[in-house]
Amino acid sequence: MRGDLARNAGSRMCLVLHRGQPAVHPWSQTCSIAYGAFIMAAGVFTRIAFVSIAVVAASSEAQVYYLPVEIPEHPDVNPVFFGESFGVDGNRIYVGGYGSDVQGEESPGGVYQFDADTLEYIQRYDPIVDPTGDTFGYSMEYYDGVLLVGAINAEMDSSFGRGAAYLINPFSGALLHTFDESVDAAFGSQFGVDVSINDVAIAIGAIGYNPGGAGRVFVYNAATNAFVIALGPDPTTPDTLYGFAVDHNDEYLVVSAPGSRNTNVQGAVYVYDFVTGVRLHRFTSPIPDLAGTGEFGTGMELVGDRLFVGAGPQAPGGVRGTVTVYDLPTGNIITTLSGSAGDDADAFGEAISADGSTLVVGAPQDRSFDGDPTGAVYIFDLDTYEMIDKVYPPAPTSDHVLFGRKVKVQDGRILTSSFDEILFDDRIQSAYVLREFCRPDLNFDGSVDFFDVSVFLSAFASGDPVADFTSDGEFDFFDVSAFLSAFGEGCP
């Protein structure tokens, strides 16, 4: 009987809905596992069940996990740098892809709209008149019925590379307003490298702004689009790339100046009173081993009066990345988060996003499998900082790397991207929606039964990431215990 059940499971484990068609399990590296492996796995389960029964009632991972579903290819979607920025509006997803086209010819980039549930392509936005490598879609923010999109190489007044940002009606595609620098505009300013918008103000970063090239952030009135003020780094510091990340709410405006690891500038994050413009804090890395990496502030997210700052070193063998959480009224550190990839540099914190009760952190250099920087995305509870899940790319191989290099969570949707290949010196990328599933339902049939046990044991025996229930990159008794505990709890 056990062998028959295993064989039946073998015929079912690879049938999951992917782009509307049966396909291999999105985390499986192969679905050609012989039926004999299931019979062997079933025997293994018999032996370990008695050992594990005492821990079934122990605490386990959360009962939900997330599955990366790739946004399908479409002839009207340029895959070069696709997934560089994201926005979400209920049942619509906006994905920025700013690169040249696949024939190597320059194009302005674009923002693509998809149905959030079916992932069906809807339309493309590109209001730029002169389509010559403007990188439209490099940054993006959706807020209350409008899209604010950055284009760091936009040619404004024939000054190539000065940059611009565009306010767009996503329903009609109409261009509402164009922002560009009004003072000392120059080549290489990269105005629009990051953008932030709310009811009161619009903030736009320009990391190469002259004179000096230290960077600026330009603030505009959201009601009138009128220029208000330009902010810059403390001239007594070596801070550079000021404006790399910007965010604001009704109380605070925050700006990162991560510097460069090539110059050993440690990086800093500035916090201002949103109403008065007075600088309240200048944070630098609290971790000595990260102080000289020049990457503090590569990822940043403002949530109420808390600030999440990422420092994600990328050199193999280096210090793994961190996310430091600050209490802005006091300037004190609340906690520090890190990944589960050991001591190797994983770039944890290079990308951060938060919304509702969810915190998402990208670790695009995570090397949990085969030593390649396949990457990973961590999902945390925003209030408790408890890790809910660690999500790997659909097939963690050298063909899909830097998964988690960009992340976004908004309106209950989680998005990320990965780097797939080089074509005509351009980076072909894929974008994903992370969908929530009940954790022990490994064959996605809506029930928890022996077929899920078979899937787990086969994955465990082959070292498949789906069996890494503790999200530590290892396959051991703790994964078995966590699976059995989740299996015992069942699904909602």
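The values are calculated or read from the model by the stated rules, or taken from the named source; none is laboratory data. This structure is a prediction, so every number in the text was calculated from the model and none was measured. Note: ideal-geometry Cβ built from the backbone for every residue, glycine included; neighbour counts use all protein chains shown.
Table: residues versus (1) on the phi > 0 side of the Ramachandran plot; (2) small (Gly, Ala, Ser); (3) modelled with pLDDT of 90 or more; (4) assigned to a loop (DSSP other than H, G, I, E, B).
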| site | (1), (2), (3), (4) |
| --- | --- |
| Ile352 | no, no, yes, no |
| Val360 | no, no, yes, no |
| Gln365 | no, no, no, yes |
| Ser368 | no, yes, no, yes |
| Val377 | no, no, yes, no |
| Phe380 | no, no, yes, no |
| Pro393 | no, no, no, yes |
Whichever residue in region 330-350 is assigned to a loop (DSSP other than H, G, I, E, B) and closer than 15 Å to Ser471 by Cβ and, among such residues, is nearest to the chain's Cα centre (by Cα)
Phe348
Would you call Leu457 within 30 Å of Thr135 (Cβ to Cβ), modelled with pLDDT of 85 or more and of a type in the set (A, V, I, L, M)?
no
Meets criteria (at pLDDT below 95, part of a loop (DSSP other than H, G, I, E, B), assigned by TED's automatic domain parsing to the domain that holds Asp134 and under 23 Å from Glu301 (Cβ atoms)) for Ser260
yes
Would you check if there is a residue in region 438-453 being part of a helix (DSSP H, G or I), surrounded by fewer than 22 Cβ atoms within 10 Å (Cβ to Cβ) and of a type in the set (A, V, I, L, M)?
no
Selection from region 166-195 of residues among the polar types (S, T, N, Q), modelled with pLDDT of 85 or more and either surrounded by 15 or more Cβ atoms within 10 Å (Cβ to Cβ) or in contact with a helix residue (DSSP H, G or I) (Cβ under 7 Å, 6 or more places away or on another chain) (or both) yields Thr178, Gln190
Residues to consider are Ile422, Ile428; find the one that is over 24 Å from Val88 (Cβ atoms), outside any loop (DSSP other than H, G, I, E, B) and modelled with pLDDT under 90.
Ile422
Take Phe456 and decide whether it is assigned to a helix (DSSP H, G or I) and free of Cβ contacts under 8 Å to residues at least 60 places away in the same chain.
yes
Across region 395-419, what is the total count of residues that are under 17 Å from Tyr143 (Cα atoms) and modelled with pLDDT under 90?
0
Report whether or not Tyr385 is within 10 Å of the chain's Cα centre (by Cα), more than 19 Å from Ser256 (Cβ to Cβ) and at pLDDT 95 or above.
no
With respect to Leu484, is the statement that it is among the hydrophobic types (A, V, I, L, M, F, W, C) and not assigned by TED's automatic domain parsing to the domain that holds Tyr121 true?
yes
Has region 475-485 got at least one residue that is in a strand (DSSP E or B) and not small (Gly, Ala, Ser)?
no
Filtered residues of region 201-245 (kept if β-branched (Val, Ile, Thr) and at pLDDT 90 or above):
Ile202, Ile204, Ile207, Val217, Val219, Thr224, Val228, Ile229
How many residues are modelled with pLDDT of 90 or more and within 24 Å of Ser338 (Cα to Cα) if we restrict to region 460-476?
2
In region 356-392, what count of residues is obtained for those that are of a type in the set (D, E, K, R) and over 21 Å from Val309 (Cα atoms)?
3
